[in-house]
Amino acid sequence: MPASPSFDIVSKVDQQEVDNAFHQAEKELSTRFDFRGTGTSIAKSGESGVTITSETEERATAALDVFKEKLVKRNISLKSLDAGEPRQSGKTYKIDCRIIEGIESDKAKAISKKIRDEGPKGVQAQIQGDQLRVTGKKKDDLQAVISLLKAEDFGVALQFTNYR
C-alpha cells in the first residue's frame, strides 16, 4: 500500500536573494541625493543580520524602507524580516534587522491546532524541528489545509513543499 499523501510547511528564505537585496539597497543609499551627507549606511552583521546607521532617525527609517522595497522586489516576504526600532547610539541612530528562518515552536503549535480544529477530518500535523509535516488520506484534504493556512496570518512566511 502506498504511503499517505503529505506535504511540509516550512519558512525558508533564499539567502542569495537577501544578499542581492542588501547590495541593491547599499548601492541606492550611496547614490541617492537625499542620503548624501547624512552618514546613512547599511552593513551586514553576522550570518543573517543587517544594521542600518544614520545621523537622523528619519533617514534611518527611510533607509529601512529602501531595504524593505528591495526585499519585496526579490519576492522575499516582509514577515521574515525582523526590524527593530531606531535607537540612538552616540550621535547616530541604528536599526538592527535580522532575517528569520524556520517556524518557532509556539507558532508551529498554533498552526497544528488550526489544522486540528478547522481542517478536514483525518488530517494530522506533526512538528519536526522548525517545520511541520501534514499527512492525510486524500490529496483534496491536503489542498483544503493549504487553502486554510494561506487565509490565516501566523506572523511568519509559510511555504508548502514536498507535496506528494
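Please go through the stretch 1-48 and give me each residue that is assigned to a helix (DSSP H, G or I), buried (at least 19 other Cβ atoms within 10 Å of the Cβ) and of a type in the set (Gly, Ala, Ser), ordered by number.
Within the stretch 1-48, Ala21, Ala25 qualify.
If we scan the stretch 77-87, do we find a residue that is among the polar types (S, T, N, Q), in a helix (DSSP H, G or I), buried (at least 16 other Cβ atoms within 10 Å of the Cβ) and modelled with pLDDT under 95?
yes
Exactly one condition in (1) among the small types (Gly, Ala, Ser); (2) under 22 Å from Gln159 (Cα atoms); (3) buried (at least 17 other Cβ atoms within 10 Å of the Cβ) is not met by Ala63; state its number.
Status for Ala63: all satisfied but (2).
Assuming Phe33 fulfils every condition listed in (1) within 17 Å of Val18 (Cβ to Cβ); (2) out of contact with any strand residue (DSSP E or B) (no Cβ under 7 Å at 6 or more places or on another chain); (3) aromatic (Phe, Trp, Tyr) apart from one, which condition is it?
Status for Phe33: all satisfied but (1).
Which one of Ile9, Ile52 is within 30 Å of Ile115 (Cβ to Cβ) and of a type in the set (Val, Ile, Thr)?
Ile9
Just wondering, is there one or more residues in the stretch 129-143 that are small (Gly, Ala, Ser) and assigned to a strand (DSSP E or B)?
The answer is no, given that none of the residues of the stretch 129-143 is small (Gly, Ala, Ser) and assigned to a strand (DSSP E or B).
The values are calculated or read from the model by the stated rules, or taken from the named source; none is laboratory data. If you're wondering where the values come from, they're calculated on a predicted model, not measured in any experiment. We place every Cβ from the backbone using ideal geometry, glycine too, and count neighbours over all the protein chains shown.
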